[in-house]
Every structure is written in structure tokens, then in C-alpha cells.
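The block underneath contains the structure these notes are about, expressed in C-alpha cells.
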Amino acid sequence: MISTEDLLSTSSNEELEPLVQYIIERGGWTERLSGKTRYKEHSPSHREYSDLILQEIIEFGGNSLISGYRLPSYEEVAKDVAKKLKVKKPHKYDLIALEEQIIIAVIRIIEKKLSAKQKSDLDEELKKFGSSFADVYLLLHDGALNGAVRAAGLYAAGRVITETLVQQFLVQAGRAFIVPPVVALAGPIGLGVAGAWAGINLAGPAYRVTIPCVIYIAVLRQKHMHSEIVDRHNKQKGDFFDG
């Protein structure tokens, strides 16, 4: 398994940009990344301080966990987010399996908010990423998918999450955030998915950072793990994950 440290250090500046924006725009006066010397010297070359990005996420996670005098591990932060998203028994999963459960939990929240028409529109979006609503439905309700079909379903569901996550959380912060058009799902499906975020309790500045960051990193890891799915998608359509 690629460690979270290695995942971020090998990600592109474009891939790291949303994490930086979550921290700075959602973290408020408690964030410290923007004050760090390496950030000031190298931004927006985020790869130069990917370790500081992860450290900041962990420090925010430490604010929502009772951890005594030590900082939690990233996996502990992810488990705390999983609990917030109502993942059952998050302690029994390793990090990759936990991140899969986080993606499934969020797409389940989204599914409950969508009308029949929006689900049809969602099916069309999922097909662009090599999956379908039927596949994701099986993934949500019995986890019966295996192999490439499961990978495609997880990645496709994750991308639908991410395409609204980047925009929605930052809009809530009260700041304009310019993103490539592919990020913003248009029409009723975009509105339906965006509305689903109301079902997630973001009380407290720590969760306003850790929840979107952990979800985003989960999708980013799926992207790196299943590059053949991503490559097929990128040949069809420009992607803000390129880089």
C-alpha cells in the first residue's frame, strides 16, 4: 500500500490544490499552513511542501480527537471521519478498506437525496468513468462487486463526490474558488449531489477541514491505485486530476 505521505508527495500540484484550499479557506484563523516559510516561498508548487499539507490535516484531526499530548496518525484521523460519516465499526478496516467505506458512505448519502431523474443523470455521469448506477447500487447495498468492476465503481463514485466536493465546501466558506468546468456537475444532478452535503454534520472548524480532506485523499488514492480506469477516462475528457 502506498503511504499517505508518498501519495501526496507523488501527486501533482493540481491534485494537491484542493487540499490546500480546504485547509486555508475552511481552516479559518486556526490554520497554520499559509504562514509556513516553505508555503510562502513555493506556493502554488504544492509538491514542495506536501508533508506540511498532511501535517496540517493531522493537526486539525488532533483537535477533534482526545489524543493527550500526541498527534494522531493519519489513519486515526480517517477513522474519526468515518465515524462522522456513520461507517460501522471503522476500527476493523485497514486504511485502504476504510477509505473505500468512506466513499461508499458519502455516495450513500448522495443517493438518498436524488430523484429518479437525477439518478438517471447520475448513471450517465458514472458511465463516463467506466461504471454505472447499477454497479454503484450493488456496491452500496451488498458490496458484491469484485475486481475491475468494483474498482471502476469506487473510482466513478469517488469522482462524482469530488466534482461537487471541490466546489461545494469552498462555496460554503464564502470564497470564490475557480475550478475547471469538469469539476462542477451541471443541472439537476449537480444540485442534487450538492444538496446532499447538508446531511453531513460539519460542526467545528476541525471537521470542516478533515472531512473534505479525508474524502478527497480517499478518492485520490483510488485514482493512483487504478490508473488504467483513470487513463481511459482521461482519453475521453479533460480532467482536473491530470498533471
**Message:** Taking the conditions exactly as written (buried (at least 19 other Cβ atoms within 10 Å of the Cβ), closer than 17 Å to V219 by Cα and of a type outside the set (S, T, Y)), does P18 satisfy them or not?
**Reply:** yes
**Hey, E17 over 27 Å from I107 (Cα atoms) and not basic (K, R) or not** = no
**Request:** Return yes when L95 is buried (at least 21 other Cβ atoms within 10 Å of the Cβ), modelled with pLDDT of 85 or more, within 22 Å of C213 (Cβ to Cβ) and of a type outside the set (F, W, Y) and no when it is not.
**Result:** no
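The values are calculated or read from the model by the stated rules, or taken from the named source; none is laboratory data. Everything numeric here is computed off the predicted structure, so don't read it as measured data. Note: ideal-geometry Cβ built from the backbone for every residue, glycine included; neighbour counts use all protein chains shown.
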